[in-house]
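Structure, as structure tokens:
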Amino acid sequence: MSKTHNLFISHSWQYSDAYAKLCGLLDNRAYFDYKNFSVPKDDPIHTNGTDKQLLEAITNKMRLSHVILIMAGKYSTYSKWINKEIVVANEGFINPKPIIGIKPWGSTVVSSVVKNNAVEMVNWNTESIVDAIRRHSNA
């Protein structure tokens with residue numbers, strides 16, 4: 001029986017296609033079980049909540065996660081929320097949450113903020129991503 005890996009998948013809703021594709025890669029990987037603890041797009045806290053409420057929701061979701069996945073496109077460097085998520089992952093818990101940075105498909109440019117905070121950077125490849133999750137998850 002395989003472990004279920006609790007994941008917080010950081011993302012920008014401006015680039016939600018990459019988030020959906022990543023979830024698709026993980027969903028279709030045989031012998032890999034995970035639970036997605038990301039704050040869903042349709043959660044009313046995105047549109048009706050305050051920044052403080054959203055940060056609290058993110059922190060609560062991360063608390064349940066073994067690993068944080070962050071897509072490391074250049075936009076991540078300038079994303080207010082991705083930067084806050086990195087701070088929460090590193091400083092919000094007794095034991096920091098490992099961050100795995102995922103390089104964008106076909107891109108050589110990655111976010112320096114993600115790269116500098118990741119325990120590992122991986123290519124946009126199902127096996128690379130799953131192997132890194134297994135290595136860094138304390139599931």
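The C-beta contact set for the range 101-113 (first residue more than 16 Å from Ile68 (Cα to Cα) and touching a residue at least 24 places away in the same chain (Cβ under 8 Å), second residue among the aliphatic types (A, V, I, L, M) and assigned to a loop (DSSP other than H, G, I, E, B), distance under 6 angstrom, 6+ apart or interchain) comprises Val110/Ala72. Scanning the range 92-131 for residues that are among the charged types (D, E, K, R) and at pLDDT below 95 turns up Lys103, Lys115. What do you reckon, is Leu26 at pLDDT 85 or above, surrounded by 14 or more Cβ atoms within 10 Å (Cβ to Cβ) and within 18 Å of His136 (Cα to Cα)? Considered against the rule, which asks whether it is at pLDDT 85 or above, surrounded by 14 or more Cβ atoms within 10 Å (Cβ to Cβ) and within 18 Å of His136 (Cα to Cα), Leu26 comes out as yes. Applying the set (1) surrounded by fewer than 17 Cβ atoms within 10 Å (Cβ to Cβ); (2) modelled with pLDDT of 85 or more to Tyr78 leaves exactly one unmet item: (2).
The values are calculated or read from the model by the stated rules, or taken from the named source; none is laboratory data. Every value quoted in this text rests on a predicted model; they were computed, and no experiment measured them. Quick reminder, even Gly has a Cβ in these numbers, built from the backbone with ideal geometry, and neighbours come from all protein chains shown.
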